[in-house]
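The values are calculated or read from the model by the stated rules, or taken from the named source; none is laboratory data. Note that the structure is a prediction, hence the values are computed from the model and not measured. No Cβ is skipped: glycine too gets one built from the backbone with ideal geometry, and neighbour counts run over all protein chains shown.
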Amino acid sequence: MSHRFSTRRALVTALLTASLLATLVPSMAGAATPRAGYYSGSTSQMITPTDPAEPAKAGEVDFKVMKYGSFNGTVRKFLKVGATTQLTCPSGEVKEDYFSVYIIMGGKIDKLGRFRYSYKGFSFKGRFTSRTSAKGTLSRTVGDCTAQGVTWTAKKTSGGIPLPS
């Protein structure tokens, strides 16, 4: 009799665990699946202006996420990525750089919200921390001038279009 009781207990425990996992997994996956649209934010760099009278400003990052249907279901990818960084050269010279690219091939965002993209001296990687925000690092090289390991955070925006109030 006690053997039968422990089997029932194990079965009930297994069913409860399975039902909890079934409810938690979709919500965890959904949190990392980004919404389509425009995202923008700041970087960890402070960009020194050429005019000493102007104050320093934070670097910027912006990108557009789009979704489309494929044979594997709905896929999310980047359509555009841009970043304003401050490059440091071996001579000590400092330059402001704006990089922007429209992505035709690549730029996919995996099911866990992670991504990585590299093109012509620009490297951009990170993950979505929620459906409307992301964080990561970027690097930029132009000739012998570089900006390495710059961290950034971004949130979904209206893309410059005013939202009705």
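Give just the number: which of (1) modelled with pLDDT of 70 or more; (2) not in a strand (DSSP E or B) does Ser6 not satisfy?
For Ser6, the failing item is (1).
Every residue in the range 48-69 that is closer than 22 Å to Gly126 by Cβ and either crowded, with 17+ Cβ neighbours inside 10 Å or among the small types (Gly, Ala, Ser) (or both), please.
The answer is Ala58, Gly59, Glu60, Val61, Asp62, Phe63, Lys64, Val65.
For the range 81-132, give me each residue that is of a type in the set (A, V, I, L, M) and either assigned to a strand (DSSP E or B) or closer than 24 Å to Lys155 by Cβ (or both).
Of everything in the range 81-132, those that are of a type in the set (A, V, I, L, M) and either assigned to a strand (DSSP E or B) or closer than 24 Å to Lys155 by Cβ (or both) turn out to be Val81, Ala83, Leu87, Val94, Val101, Ile103, Ile109, Leu112.
Given Ala58, Ala31, Ala22, which one is at pLDDT below 70, under 30 Å from the mean Cα position of the chain (by Cα) and under 30 Å from Phe99 (Cα atoms)?
Matching residue, one of Ala58, Ala31, Ala22: Ala31.
Only residues in the range 132-148 that are at negative phi count as the first member; pair them with residues that are surrounded by 18 or more Cβ atoms within 10 Å (Cβ to Cβ) and of a type in the set (Ser, Thr, Tyr), Cβ under 6 angstrom, at least 6 apart or cross-chain, and list the lot.
Every condition considered, the pairs that remain are Arg140/Thr85; Ala147/Thr85.
Tell me, yes or no, whether the range 128-140 has at least one residue that is surrounded by 15 or more Cβ atoms within 10 Å (Cβ to Cβ), basic (Lys, Arg), closer than 17 Å to Leu87 by Cβ and touching a Gly at 6+ places or on another chain (Cβ under 9 Å).
yes
So which residues in the range 70-90 are polar (S, T, N, Q), under 24 Å from Arg35 (Cα atoms) and surrounded by fewer than 18 Cβ atoms within 10 Å (Cβ to Cβ), if there are any at all?
Ser70, Asn72, Thr74
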